[in-house]
Amino acid sequence: MPSTIVHLAIGGLLGAALLGDEFDRRSVLVIFAFTALPDVDVFAEPIFAGAHRSLGHTFLLPAVLFAFLIWDTRRGAASVLRGRFGVRGVKLAWVGTFCLLGAGILPDLLVGGVNALYPLHDRFYTVDGRLLYSTDRGWVQTLVDLSPSEPKQTRTTKNFEFRTVLDAAPTQGTAETPDEKRVERIFPVALTGFRFGIVLLSAVVVPVRLAGNRFTGLFEE
């Protein structure tokens with residue numbers, strides 16, 4: 001599954017693209033906070049099995065935030081955000097909430113799945129498959145399975161939970177000897193080459209955007 005580092009990398013790219021001149025060190029920290037917020041639900045795992053990808057990964061969270069932003073920004077001069085943080089704060093709140101959804105939740109929906117409507121509906125959903133055009137078969141899509149071949153057990157918080165950094169499991173590294181039991185906790189960075197590429201891309205784009213005119217000035221006479 002995508003690590004928090006991968007989520008932050010995607011959030012950094014979205015922030016760099018959407019914030020324009022407002023993209024600076026403070027805004028990056030805010031974007032990172034919004035993006036990492038869904039993964040905080042991992043700390044509820046010891047008291048609530050299945051909390052990860054449920055409590056913080058529900059679509060209801062960004063829905064509530066977007067609803068508040070729509071209500072608040074329509075209040076004009078009475079806007080809480082505009083009165084406290086100015087226009088910059090309003091823009092940052094919108095982009096941050098979008099990053100929470102687009103960088104914090106959606107990547108997990110595509111890899112492993114999320115409990116998208118929790119707590120209103122306890123079920124994990126995954127969008128995983130292919131979309132292609134074949135000269136022989138025409139359009140082919142497996143993203144949405146409209147005719148499943150055989151029923152599958154519905155994944156809920158009662159029968160399913162993701163492995164997290166809090167879980168110790170038998171090691172996947174050096175083989176254990178008969179007299180020892182080797183376990184490990186995994187702190188993922190990038191578990192596929194594609195995700196590592198996203199991290200590298202963000203590691204270049206974000207600093208360059210932060211450098212701003214100092215970087216572009218290198219190409220000017």
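The angle between the Cα long axis of helix 60-73 and the main principal axis of the chain comes to about 10°, on a 0 to 90 degree scale.
Peptide packing: for 36-44, 199-207, the average count of neighbouring Cβ atoms within 10 Å per residue gives the ranking 36-44, 199-207, highest mean first.
Rg ratio for the chain: its Cα radius of gyration over 2.2 N^0.38 Å, N being its residue count, equals 1.23. Computed over the chain with a Gaussian network model linking Cα atoms closer than 10 Å, the most mobile of Gly12, Gly89, Gly50 is Gly89.
Per residue, the chain exposes 64 Å² of accessible surface when a 1.4 Å probe is rolled over the protein heavy atoms with every protein chain present. The accessible surface of the chain, taken with every protein chain in place and a 1.4 Å probe, is 63 percent carbon and sulfur. Packing here is the average count of other Cβ atoms within 10 Å per residue, and on that basis the peptides 135-141, 54-60, highest first, run 54-60, 135-141.
Between Phe196, Phe98, Phe124, which gets the highest mean-square fluctuation from a Gaussian network model of the chain, Cα cutoff 10 Å? Fluctuation is largest for Phe196. The angle separating the long axis of helix 193-211 from the principal Cα axis of greatest extent in the chain is about 20 degrees. Highest mobility in the GNM of the chain, judged by mean-square fluctuation with C-alpha springs under 10 Å and restricted to Val183, Val64, Val80, is found for Val183.
The values are calculated or read from the model by the stated rules, or taken from the named source; none is laboratory data. None of the values given here were measured: they were computed from a predicted structure. FYI the Cβ positions are ideal-geometry reconstructions off the backbone, even for glycines, and counts take in every protein chain you see. Side chains are part of the model used for accessible areas, which takes the heavy atoms of the whole protein and leaves out ligands, DNA and RNA. Shrake-Rupley method; radii C 1.70, N 1.55, O 1.52, S 1.80 Å.
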